[in-house]
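Here is the structure we will look at.
Values quoted throughout were computed directly from the atomic coordinates according to the rules given, and no laboratory measurement underlies them. Keep in mind that this is a model prediction, so the values were computed, not measured. Virtual Cβ from ideal backbone geometry, glycine too; neighbours counted across all protein chains shown.
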């Protein structure tokens, strides 16, 4: 099977697709597929398992990722490929994919990657509305199948008016062999992710203000990249709230990022909208229990008893912190181990890659759809 994966960039380590798309591509190659990954030029990684093609971009309207090289190459490649899988929306690579498969036998799969949620659509509303009418809607219409990472993203796809089959397959995760450090010293509540208004960090800071005096052995660390002006506003809010034991660490990648997961005892993702929430799966894979809002697809934490899935907003988060920060180190460690086993069983990359490969096989061969394909 010849497969082309397309994503604008894989160089932004804070962006979920920068991890998930290369990992999926690698997993498909290990199954035996012939896979290429096409990206915009930005110092992209190389791979011995699959071919990476980087394409130069125009200086004009750089945020759109205009690349005549990519558009031309995808049109040529689609004439002989079996599957073209596009990831994300709102940049020209996501339009080129739809144009490339026209009048070919190549089947297009589109993974919106959270871009069709109501909150995501409200950001840069008018530019997106214009692009939707001009080219993005028509490109997605070419899809033989769409991919959602969770049930609520499937509902977003249906609300957007697309009736094609939808493969509901979560993102995969690399489960580390040695996930935890022996806890010592002050206990750490960790937020690790983009510093962005959609993450609900103002509410987190206010919730921490309500509980900080009750838990003097705990600290909160906010780790991740973000717009400097927005980060500064959060720091000002922390001062206004007289927050104690509160750190703004900045970006952490690679081994430094792993070290934060190993050091913390509890993670939190208070987002207003998430199509998946990679920080939750990363936390659980490290044996770290998590708190996440019901705007994320992590209701399974309650079933697997490895975290708390709560309503969005400051009040629910405050109540949850009151309950969770009371837990002993051993109690939280037991919760984390249950979460780690869950990640190994259901979210490890070999299983996820196999499900996606099965989706491609069904698109090409027909027959009864796999259990994870929604056709209604």
Legend entry - Rounded tilt (10° steps) of 329-346 against the dominant C-alpha axis of the chain: 10
Inset, instruction - Work out Dmax and Rg for region 187-346 from the C-alpha atoms and quote the Rg first, both in angstrom. - result: 14.3, 45
Legend entry - Prolate/oblate/rounded call for region 65-166, Cα gyration tensor, a/c under 1.5 rounded: oblate
Legend entry - Whole-angstrom Cα spans of region 301-376 along principal axes, big to small: 54, 27, 15
Legend entry - With Cα atoms, 0 to 90° folded angle of helix 349-365 axis to the chain main axis: 30
Legend entry - Value of relative contact order over the chain, rounded to a whole percent, pairs C-alpha under 8 Å and six or more apart: 15
Legend entry - Burial ranking of peptide ranges 223-232, 185-194, 110-119, 365-374 (average Cβ count within 10 Å, highest at the top): 110-119, 185-194, 223-232, 365-374
Inset, instruction - Take the alpha carbon atoms of region 96-142, find their center, do the same for region 270-331, and report the distance between the two centers in whole angstrom. - result: 31
Inset, instruction - For residue 210 paired with residue 178, estimate the spin-label separation in nm (one decimal), with each label point 7 Å from Cα along the Cα-to-Cβ line. - result: 4.0
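If you take all C-alpha pairs in the chain, what percent of them are over 32 Å apart?
Values: 23954 of 70500 pairs.
For the chain, the fraction of Cα-Cα distances above 32 Å is 34 percent.
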Inset, instruction - Please give the calculated 222 nm ellipticity per residue for the chain, where each DSSP H segment of at least 4 residues contributes -39500 (n - 2.57) and the sum is spread over every residue; nearest 500 deg cm²/dmol? - result: -12000 deg cm²/dmol
Inset, instruction - Kindly express, to the nearest 10 degrees and within the range 0 to 90, the angle between helix 16-31's C-alpha long axis and the longest C-alpha principal axis of the chain. - result: 60
Inset, instruction - When a/c is below 1.5 the answer is rounded, else prolate if a/b is larger than b/c, else oblate, so apply that to region 1-40 with a ≥ b ≥ c taken from the square roots of the Cα gyration tensor eigenvalues. - result: oblate
Inset, instruction - Using a 10 Å cut-off on Cβ atoms, rank the peptides 298-306, 126-134, 142-150 from the highest mean neighbour count down. - result: 142-150, 298-306, 126-134
Inset, instruction - Just need the relative contact order of region 187-346 here, percent rounded to a whole number, with Cα pairs under 8 Å and 6+ apart. - result: 25
Legend entry - Radius of gyration and Dmax over the Cα atoms of region 198-258, both given in Å: 12.2, 34
Legend entry - Protection proxy ranking of 245-252, 163-170 - average other beta-carbon atoms within 10 Å, highest first: 163-170, 245-252
